[in-house]
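The values are calculated or read from the model by the stated rules, or taken from the named source; none is laboratory data. Being a predicted model, the structure only gives us computed values, none of them experimental. Methodologically, a virtual Cβ is constructed for each residue, glycine included, from the backbone with ideal geometry; neighbour enumeration extends over all protein chains shown. We work out accessible area using only protein heavy atoms, side chains counted, and drop any ligands, DNA or RNA first. Shrake-Rupley method; radii C 1.70, N 1.55, O 1.52, S 1.80 Å.
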Amino acid sequence: MIDHLLRFSDEASAMAALPGYVLDGIDAPLWDTSCVIPDVKAYRITEIREYLPGWYLIIARPERDAALEGEACVLIGDRETGAVLYTITTPEDLATLAIEPTFAGSAYPFGAPIIST
């Protein structure tokens, strides 16, 4: 699976930009959680969690999806191999970043948690 991490100003903007991933809910629209993890937290690994601005979500696709590679795309990763296929940051900066939650089985080479001893 190929995971696309996207950043928007808020959830409403994300839903407006990605209607193909939104389902009709009883009271309000809902994300299609068969392929979307909404409200992902992106943060920098420091002494404390330094959360990055914006509202994030991950969309999983069987293949890299050019339609998701617009202005909102910040990272594309291959879940099985852990390869970063696209990112808007440097490898050095990427090593200091983490996202959660992620899909089960993700093996990304960034965002390793700091383990206190």
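Using a 1.4 angstrom probe on heavy atoms only, work out the carbon and sulfur share of the accessible area of the chain in %. Don't skip to the end; give the middle numbers.
Working: 3920 of 7000 Å².
The value for the chain is 56 percent carbon and sulfur by accessible area.
Rounded, prolate or oblate for region 1-97? Axes are the square roots of the Cα gyration tensor eigenvalues, ordered a ≥ b ≥ c, and the cut-off for rounded is a/c under 1.5. Don't skip to the end; give the middle numbers.
Values: a/c = 2.04, a/b = 1.37, b/c = 1.49.
Oblate is the answer for region 1-97, as a/c is 1.5 or above yet b/c matches or exceeds a/b.
Rounded to the nearest 0.05, what FRET efficiency do E100 and S34 give with R0 = 30 Å and r taken as the Cβ-Cβ distance? Could you check? List each step's numbers first, then the result.
Values: r = 19 Å, r/R0 = 0.65.
Efficiency computed from Cβ-Cβ geometry: 0.95.
What 222 nm value per residue comes from the helices of the chain, counting each DSSP H run with n ≥ 4 as -39,500 (n - 2.57) and dividing by all residues, nearest 500 deg cm²/dmol? Kindly include the intermediate steps, with their values, before the conclusion.
Values: 2 runs with 11 residues, N = 117.
Calculated mean residue ellipticity at 222 nm is -2000 deg cm²/dmol.
So, taking all protein chains as they sit and a 1.4 Å probe, how much accessible area belongs to D39, in Å² rounded to tens?
70
Could you point to the residue in I45, A28, M1 farthest towards the positive end of the chain's charge dipole, with +1 and -1 charges on the Cβ of Lys/Arg and Asp/Glu respectively?
Value computed over the given set: I45.
Sequence gap at least 6, Cα distance under 8 Å: using those rules, report the relative contact order of the chain to the nearest whole percent.
On the way: 198 pairs, mean separation 36.8, N = 117.
Value for the chain: 31 percent.
Specify the longest stretch of the chain that does not include any exposed loop site, a site being one of the GluC sites (Glu not before Pro) with a non-H, G, I, E, B DSSP assignment and at most 15 other Cβ atoms within 10 Å.
Details: sites that count: E47, E63, E69, E71, E80.
The longest uninterrupted stretch comes out as 1-46.
How many nm separate the modelled label positions at Y43 and E69, each set 7 Å beyond the Cα in the direction of the Cβ?
For Y43 paired with E69, the spin-label model returns 3.2 nm.
Hey, if we sort M1, M15 by accessible area with the 1.4 Å probe, largest down, what's the order? Walk me through the numbers before you get to the answer.
On the way: M1 80, M15 35 Å².
Descending order: M1, M15.
In region 33-77, which residues have a backbone nitrogen under 16 Å from the label point lying 7 Å from V84's Cα in the Cα-to-Cβ direction?
Under 16 Å, as judged by backbone N against the label point of V84, lie 42-46, 52, 73-77 of region 33-77.
Give, rounded to the nearest 20 debye, the magnitude of the charge dipole that the chain has about its Cα centre when Lys and Arg contribute +1 at Cβ and Asp and Glu contribute -1 at Cβ. All intermediate terms of the calculation are to be shown ahead of the outcome.
Details: 7 positive and 18 negative charges, 46 e Å.
In debye, rounded to 20, the chain gives about 220.
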